[in-house]
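All of the numbers you see were taken from the coordinates with simple rules; none came from a lab. Here the structure is a predicted model, which means the values were calculated and not measured. Ideal geometry is used to build each Cβ from the backbone, glycine not excepted, and the neighbour counts take in all protein chains shown.
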Amino acid sequence: MQKLRIRGGKPLCGTVRISGAKNAALPILCAAILSAGKLTLHNVPQLNDIGTMLKLLEQMGVSTRREGETVILDAANLTNAAAPYGLVKTMRASILALGPLLARFGKARVSLPGGCAIGARPVDLHIKGLEAMGAIITIESGDILASAAKLKGAHIFMDIVTVTGTENLMMAATLAEGITVLENAAREPEVVDLAECLIKMGANIHGHGSDVITVTGVASLQFADHTVMPDRIETGTFLAAVTATGGDVHLTNAAPRTLDAVIEKLRDAGATITTTSDEIHVVSNARPKAVNLRTAPYPAFPTDMQAQFIALNAIADGTAIVTETIFENRFMHVQELVRLGAKIDIEGNTAIVAGAQKLTGATVMATDLRASACLVIAGLVAEGETIVDRIYHLDRGYDHIETKLLALGADIERIN
Ligand code: UD1
C-alpha cells in the first residue's frame, strides 16, 4: 500500500495549476448517457474516481476515449443500463447514473451505495424525486430497480439540500415530458457547471445557481463540447496549506468566485489573498490566527474544506470552534491529528481546536478523501517526519498532489 513521507517545516513557494473539478466532472460524465451524440470534455482531472466512472460507463456500453485531460464519450450504443455493486461501493457518485439511465432508456439497475466513512448518506431524496416523476422503484438484492415508460415533469421539494440529488433529478428532467421544478435545490457551482453542459447538449434549464431550478423536457439531447470548471476544493486545500506553512503561491486555472467563504476565512486567519478572474495569489508570513467556522450548503463554508481547516487551526494562535452540519461522522481526522500533538476536543458535531505551538511528525492513517488532505497539511507543518498511510483516498480526489507540492518546495515523496 502506498504512503506519503513528508518532512515538515518548509514554506510553500511558486506556482500551481489547479485541475478540473472532480465533483463537476463526475456528474458531467454521467450526462453523456442522456445523448446518442458525442460528448467531448476538457479539463477532466486525472483521478481514480474519474477512472472508476469511466469503467462504469464502459461496462454499460459507452465508448470512452481519454487523451490527457480530454475525454470523449459516445453513448450511442449503450446496452446495459446497470451500475453493479463492485464499482458503486468504491464510489458513491455512481448513483449519478440512475437519473440519466432512467430518462433515456426507461429503466435502470443501480446498486445502493450503502454507508461510507463520513456518515450514513442515504439516497432517499434521489428516489423520491424520480418517483414523483412517475418512476416505479423497488429495491432488490441491494440494487435500486427503476422503470418508467416516460418520465413526467413534476414539482419536487427536497427537504435537505443535496448536491448529487439535485444533479440526478436535473439530468432526469431534461428528457421528461413537461416541466420539472426542483425546490430547495443545491446551489453548488458544480450543479451550475453540469447545467451549463446540459444546456450545450440542448437541455432547457433555468434557475441553476439559485434554489429553484426549472427544467422543461426536450425530446433528445445532442453532441456537445464542454470544459469542466476548476476544482474549488483542491484550490482551497492549497490555500489552506500555504496559510498553515507560510509562503507565497500563485494558483492558476482557478475560479476564485466559487471560494468566497473559504477565502474570507483564510484572510481572517491572516493570509493576504488577491484574485483575478482565474488566478489567486496567497501570501502568508506569520503564524495563522484561529478561525471559527460552520459548514453548510453553498455559498456557506463547504464541508469538503472542514478537515483542512482543522489542520490549520491545530497550529493557529488561539482556539477555534468548528461545527459540522452536513455529515454526522466527519471528524475521523481529529484522532490522527492528536497523534501529531494537536489539542482537539469533540462535542457532538463540534470540534474545539486549541492551537498548539507546534506539531510533531508521526505515522497517521487517512480515513477518507478530505481527511487525507488534512493530514498532508498537518505533515507539511509538523516538525520531523510524518508518514500518511492509506493514501488511496487522496488519489481518488487530488490530481498529482505530491508532484504539485514538490514543485512548491515541499519535502514530500510517495513510498511503497
Ligand atoms: C456531494 C459531494 C461531496 C460533498 C457533499 C456536500 C459529489 C460527488 N460529492 O456529496 O463531496 O461533501 O456533496 O457538499 O458531488 N441526504 C439525504 N438524503 C438524500 C441525499 C442526501 O438525507 O437522498 C443528506 C446526506 O446524508 C447529507 C446531506 O443530505 O447529510 C448532504 O448530502 P449531499 O449533498 O447529497 O452529498 P453528496 O451529493 O453525496
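What to note about this one:
- Distance histogram for segment 1-106 (every C-alpha pair counted, 10 angstrom bins, percent rounded to whole numbers): 14, 42, 25, 12, 7, 1
- Kirkwood Rh and Cα Rg combined as Rg over Rh, evaluated for the chain: 0.98
- Summarising the label geometry, the points placed 7 Å from Cα in the beta-carbon direction at residue 200 and residue 139 lie 3.7 nm from one another.
- Residue of 86, 361, 384 that the Gaussian network model of the chain assigns the largest fluctuation, springs spanning Cα pairs under 10 Å: 86
- All alpha carbon pair distances within segment 324-383 were sorted into 10 Å bins beginning at 0; the resulting P(r) in whole percents reads 23, 56, 20, 1.
- Cα gyration tensor shape for segment 60-218, rounded if a/c is under 1.5, else prolate or oblate: rounded
- Here r is the Cβ-Cβ distance between residue 67 and residue 343 and R0 is 51 Å; the resulting FRET efficiency, rounded to 0.05, is 0.55.
- For the pair segment 344-406 / segment 174-229, the C-alpha centres are spaced 36 Å from each other.
- Using Cβ point charges alone (K and R +1, D and E -1), the dipole size of the chain about the Cα centre works out to roughly 440 debye.
- Set of lysines near residue 128 by C-alpha distance (under 21 Å), chain-local residues within fewer than 8 positions excluded: 107, 150, 152
- Span from the segment 252-291 Cα centroid across to the segment 38-73 one, whole angstrom: 32
- Additional length obtainable on full extension of the chain from residue 155 to residue 279, 0.36 nm per residue less Cα span: 40.7 nm
- When the charge dipole of segment 1-143 is built from unit charges on Cβ atoms (+1 for Lys and Arg, -1 for Asp and Glu) and taken about the Cα centre, the candidate among 110, 20, 126 whose Cα reaches farthest toward its positive end is 20.
- Database remark: amide H of residue 186 closer than 5 angstrom to the amide H of 162, 166 (H placed geometrically; neighbours at sequence offset of 5 or more, or on other chains; Pro and chain starts carry no H).
- Positive end of the dipole of segment 238-345 (Cβ unit charges, origin at the Cα centre): among 296, 309, 326, the Cα lying farthest that way belongs to 309.
- Ignoring lysines fewer than eight residues from residue 358 along the same chain, the ones with Cα atoms less than 28 angstrom from its Cα are 3, 10, 265, 289, 343, 404.
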